[in-house]
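The values are calculated or read from the model by the stated rules, or taken from the named source; none is laboratory data. Only a predicted model underlies this, so the values are computations on that prediction, with no experimental measurement involved. Note: ideal-geometry Cβ built from the backbone for every residue, glycine included; neighbour counts use all protein chains shown.
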Amino acid sequence: MPTVVDRGLEGVIVGTTALSNVEGAIGRLTYRGYDIDDLAEKATFEEIIHLLLYGQLPNRAQLETLKRELGSRRALPEPLLGAMQNFPKTAWPMEVLRTVVSGLGLFSPVNAQGEHVSDVHTAIELIAKFPTIVAAWDRIRRGFDPLAPRADLSQAGNFLYMRTGKVPHSIEEDAFDTYLVLLADHSFNASTFAARVAASTRADIYASITAAIATLQGDLHGGAPTAVFRTLNEVKSPENAEPYVREILDKGKRIMGMGHREYKVRDPRARHLEAMAKELGDHVGGERWYATAHALEEASRKVLQERKPGNTIYANVEFYTAPVLGSLGIPADEFTCCFACGRVAGWTGHVLEQLADNRLIRPQATYEGPVAGPYVSLEQRPTNGARG
Ligand code: COA
C-alpha cells in the first residue's frame with residue numbers, strides 16, 4: 001500500500017524521455033540536448049519538428065522533405081471543414097480545435113487490423129493541420145470563408161496568412177516561428193502527460209492528442225496567456241501596474257503568467273518572448289502592451305518579494321506570450337490554440353516515444369471513503385435523506 005500521497009505529483013518521476021529536459025533550479029530547457037536559447041535564436045519550427053520526431057536536426061535535404069510533407073498535409077478533409085461551418089459561432093476556439101482534431105481520426109486510414117496508424121507521418125499530419133483548424137475557425141466565426149493553406153509557406157507564415165489572406169511581414173513570421181519553437185516541448189507537463197497516459201492504454205495518436213488538447217485548456221496551464229491579456233487590458237498603462245498587483249494579492253488571487261511548478265528562477269523562454277514582444281510592439285505600433293507587461297512583471301516581483309520574502313515566483317512562458325500574440329492581431333481566446341500549434345510537435349513526439357516502449361500508466365490512490373457496509377435496499381433508504 002502506498003503511504004505517501006503526492007496530490008500534484010510534484011517531484012515524482014513517472015517515466016523517462018529523450019525529448020526535452022527542464023532544469024528548474026537553474027532555468028535551463030533543452031530539446032534533445034540543444035539549449036533553448038540557441039534554438040530560439042537559430043532554429044526554425046520545422047527544424048524543431050524534425051529534431052523532436054526523428055531525434056536529430058535535419059540536413060538540408062531532410063528539411064526540404066519535411067517541409068514538403070507538412071505543406072501537402074495541411075488541408076482539412078472537406079466534410080470536417082463543412083461541419084465547422086455549422087458549429088455555433090460562439091464556440092470557443094479551443095473547443096473547436098479539440099473537436100476537429102478528434103474528428104480527424106474519422107478520416108484517417110486504418111491498417112489491416114482496422115486500427116488507426118500512429119506513426120511519424122500521422123504526427124506530421126496533425127502538426128500540419130493544427131494551424132489550418134485554428135485559422136479556419138477564426139475566419140468562419142467572423143463570417144468569412146476559410147482560406148486554403150499554402151504549401152510554399154512555413155508553418156508560422158502559413159498560419160498568419162490563413163487568418164488574414166496576407167503573407168505576413170518577416171518580423172511577424174519570425175516572431176511567430178520563434179514562439180512555436182519556444183512552446184514545442186516541455187517534458188512531462190500536464191497536457192503531455194495526459195497524451196502519454198492515453199497512449200499508454202494503446203489509444204491511437206488522434207485520441208491521445210485530443211486528451212492533450214483538453215488538458216491544455218485550463219488557466220493553470222495553456223489558458224494563462226488569455227488571462228494575462230485580460231489583465232493587461234485592465235491595467236491599461238504601466239503606472240497602474242503596482243496598485244493592480246496589490247489589489248489582486250489583497251483579494252487572495254494570483255497574478256496570471258507568474259510562477260511555475262518547475263522553474264525556481266525566471267522561465268528561460270520568457271527572455272525571448274519579452275524581446276519579441278518589444279520588437280513586435282515597435283513594429284506594429286498601437287497598444288502599449290509590452291510596456292504594461294514589463295511594468296506588471298516588475299510590480300509583481302516587487303510586491304510578491306515584499307509579502308513573501310525569498311519567494312521564487314517569476315514570469316513564466318505565458319506572461320510575454322500575451323503581448324506577442326496580441327501584437328500579431330490574434331484574439332485573446334485563440335492564444336491557447338496557438339500554444340497547441342507549437343506543443344503538438346512535442347505531444348506527438350511523446351506519444352511515439354510512449355508507444356515505442358509502452359507500459360500502462362496507472363497510479364494508485366489512498367481510499368478515504370466509508371468502510372464497507374451492507375447494501376441498503378431502495379425501500380429501506382430514508383425518503384428525506386440528504387446527498388452525502
Ligand atoms: N501569483 C501570486 N501568488 C502565486 C502565484 C501567482 N501567479 N503562483 C504561485 N503563487 C503562490 C501561491 O499562492 C502559493 O503561496 P502560499 O504558499 O502562501 O499558499 C505559492 O506561491 C506556491 O503556489 P502553488 O500553487 O503551490 O505552486 P504550484 O507549483 O502549484 O503553481 C502555477 C504553479 C503555475 C499553477 C502557479 O504559479 C500559478 O497559478 N500561476 C498563475 C497561472 C499561470 O501563469 N499558469 C501558467 C503556467 S506555465
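Points worth noting:
- Filter result for the condition that a residue is outside any helix (DSSP H, G or I) and within 18 Å of ALA345 (Cβ to Cβ), over LEU70, LEU57, LEU66, LEU104: LEU57
- Just one of the listed residues (LEU81, LEU97) is in contact with a helix residue (DSSP H, G or I) (Cβ under 6 Å, 6 or more places away or on another chain) and either touching a residue at least 60 places away in the same chain (Cβ under 8 Å) or not in a helix (DSSP H, G or I) (or both), namely LEU97.
- Scanning the stretch 197-235 for residues that are polar (S, T, N, Q), closer than 26 Å to ILE124 by Cα and within 16 Å of the ligand (Cβ to nearest atom) turns up THR215, GLN217.
- Of all residues assigned to the stretch 332-352, none qualifies as being near the ligand (Cβ under 10 Å from one of its atoms), of a type outside the set (Asp, Glu), buried (at least 24 other Cβ atoms within 10 Å of the Cβ) and not in a helix (DSSP H, G or I).
- Members of the stretch 296-316 that are surrounded by fewer than 24 Cβ atoms within 10 Å (Cβ to Cβ), assigned to a helix (DSSP H, G or I) and either within 12 Å of the ligand (Cβ to nearest atom) or free of Cβ contacts under 8 Å to residues at least 60 places away in the same chain (or both): GLU297, GLU298, ALA299, ARG301, VAL303, LEU304, GLN305, GLU306, ARG307
- For PHE107: the one exception among (1) touching a residue at least 24 places away in the same chain (Cβ under 8 Å); (2) hydrophobic (A, V, I, L, M, F, W, C); (3) buried (at least 16 other Cβ atoms within 10 Å of the Cβ): (3)
- Unmet criterion (only one of (1) buried (at least 16 other Cβ atoms within 10 Å of the Cβ); (2) under 30 Å from SER102 (Cβ atoms); (3) within 13 Å of the ligand (Cβ to nearest atom)) for GLY259: (2)
- Breaking point among (1) within 12 Å of the ligand (Cβ to nearest atom); (2) out of contact with any strand residue (DSSP E or B) (no Cβ under 6 Å at 6 or more places or on another chain), for GLU287: (1)
- Subset of the stretch 1-21 that is exposed (fewer than 13 other Cβ atoms within 10 Å of the Cβ) and either within 20 Å of the chain's Cα centre (by Cα) or within 16 Å of the ligand (Cβ to nearest atom) (or both) - its residue that is modelled with the highest pLDDT: ALA18
- Test for GLY24: is it within 16 Å of the ligand (Cβ to nearest atom), touching a residue at least 60 places away in the same chain (Cβ under 8 Å) and surrounded by 15 or more Cβ atoms within 10 Å (Cβ to Cβ): yes
- Here LYS253 fulfils each of the conditions (1) charged (D, E, K, R); (2) free of Cβ contacts under 8 Å to residues at least 12 places away in the same chain; (3) more than 9 Å from the ligand (Cβ to nearest atom) apart from (3).
- The helices (runs of 4 or more DSSP H) falling completely within the stretch 124-235 that include 3 or more residues that are among the acidic types (Asp, Glu) and more than 17 Å from LEU104 (Cβ to Cβ) map to 170-183.
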